[in-house]
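**Q** So that we are looking at the same thing, I have put the structure below in structure tokens.
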Amino acid sequence: ITIPVKDTFTFNINAIERIYTLCARQPFLIQSLCSRIYELAQVRKKREIDLEMVSIATNLILTESEHLRTQWSKVDNLRTQLMLIYLAQESGDNDCHALNEEQVFALLNHNCPIPIGHDEVCRELSCLTGRGMLTKTGDRHPMYHFTVPLMSQWIQMNIEPRRIEYLVMQESESK
């Protein structure tokens, strides 16, 4: 983060930690976010990168990121999309908010217009974990959270839950 621009910018340690957290230490995402941060700092003629600068650049990434949009488009099952939407909503601003299988099941069946079985929830959690969208921690009582907090924020900002719920209803009626 700091080495390429060590002669141009200084970083607040909290800003560095925030970048790592938001991007889950993934080099491509870090590079994308830092590129935006550097551009903003140059335009604003700032030499110190702080949390405010990271926040502004994050909002730009959330509206512009083709990478996050592509990751979303790979989730082709509408119920799985709803699962991610509800998990993102539940996470809010908490980057590492985790839920266990029972909590995910309850969350889905409380919000989803069509009931989803426990086995289907477990299959989808396993699939999303395998794709790297979610991270599973613990074996005996596993917990799930977004691997990349930026993805959770992107979903909250860019995906309309009611539209996906409507599509799930239409899909269910056509079967």
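The values are calculated or read from the model by the stated rules, or taken from the named source; none is laboratory data. Note that the structure is a prediction, hence the values are computed from the model and not measured. Glycine gets a Cβ as well: all are built from the backbone with ideal geometry, and neighbour counts include every protein chain shown. Areas reflect the complete protein model, heavy atoms only, side chains present, ligands, DNA and RNA absent. Shrake-Rupley method; radii C 1.70, N 1.55, O 1.52, S 1.80 Å.
**Q** Looking at region 1-20, which of the residues that are part of a helix (DSSP H, G or I) and not β-branched (Val, Ile, Thr) is modelled with the lowest pLDDT? Reasoning before the result, please.
**A** Of region 1-20, the ones part of a helix (DSSP H, G or I) are 3-5, 13-20.
Next, only the ones that are not β-branched (Val, Ile, Thr) stay: 4, 14-15, 17-18, 20.
Working: Pro4: 75, Asn14: 94, Ala15: 94, Glu17: 94, Arg18: 94, Tyr20: 94.
The residue in question is Pro4.
**Q** Tell me, which helices (runs of 4 or more DSSP H) wholly within region 21-83 include 3 or more residues that are within 30 Å of Leu108 (Cα to Cα)? Let's see the steps before the verdict.
**A** Numbers: elements: 27-44, 51-64, 66-73.
Output list reads 51-64, 66-73.
**Q** Still on this structure, please answer the following. How about region 89-175: which helices (runs of 4 or more DSSP H) wholly inside it have at least 3 residues that are open to solvent by less than 80 Å² (accessible area, probe 1.4 Å) and among the charged types (D, E, K, R)?
**A** Values: elements: 101-111, 118-130, 149-158, 161-174.
So the answer is none; nothing clears 3.
**Q** Ala57 versus (1) modelled with pLDDT under 95; (2) open to solvent by less than 30 Å² (accessible area, probe 1.4 Å); (3) of a type outside the set (Lys, Arg): which is the lone unmet condition?
**A** The failed condition is (1).
**Q** Also, I was wondering about something else. For residues that are open to solvent by 40 Å² or more (accessible area, probe 1.4 Å) and within 18 Å of the chain's Cα centre (by Cα), tally how many sit in region 1-35.
**A** Result for region 1-35: 9.
**Q** Taking the options Ile159, Ile114, name whichever one is closer than 24 Å to Gln71 by Cα, touching a residue at least 12 places away in the same chain (Cβ under 8 Å) and β-branched (Val, Ile, Thr).
**A** Values: Ile114 fails: closer than 24 Å to Gln71 by Cα.
Result of the check over Ile159, Ile114: Ile159.
**Q** Same structure, new question: Out of region 107-137, which residues are of a type in the set (Gly, Ala, Ser) and modelled with pLDDT under 90?
**A** From region 107-137, those of a type in the set (Gly, Ala, Ser) are 117, 126, 130, 132; that's our starting set.
The answer is Gly117, and nothing else.
**Q** Also, quick follow-up: Would you check if there is a residue in region 68-82 being among the charged types (D, E, K, R), out of contact with any Cys (no Cβ under 9 Å at 6 or more places or on another chain), at pLDDT 90 or above and buried (at least 17 other Cβ atoms within 10 Å of the Cβ)? Spell out the reasoning first.
**A** First, pick out the residues of region 68-82 that are among the charged types (D, E, K, R): 69, 74, 76, 79.
Subset that is out of contact with any Cys (no Cβ under 9 Å at 6 or more places or on another chain): 69, 74, 76.
Narrowing further to those that are at pLDDT 90 or above: 69, 74.
Right, trim to buried (at least 17 other Cβ atoms within 10 Å of the Cβ) and you get none.
No, region 68-82 has no match at all.
**Q** Also, quick follow-up: Could you run through region 93-102 and say how many residues are out of contact with any His (no Cβ under 7 Å at 6 or more places or on another chain) and closer than 23 Å to Met157 by Cα?
**A** Quick first cut of region 93-102, residues out of contact with any His (no Cβ under 7 Å at 6 or more places or on another chain) only: 93-95, 99, 101-102.
Those still in the list that are closer than 23 Å to Met157 by Cα too: 93-95, 99.
Residues flagged as out of contact with any His (no Cβ under 7 Å at 6 or more places or on another chain) and closer than 23 Å to Met157 by Cα within region 93-102 amount to 4.
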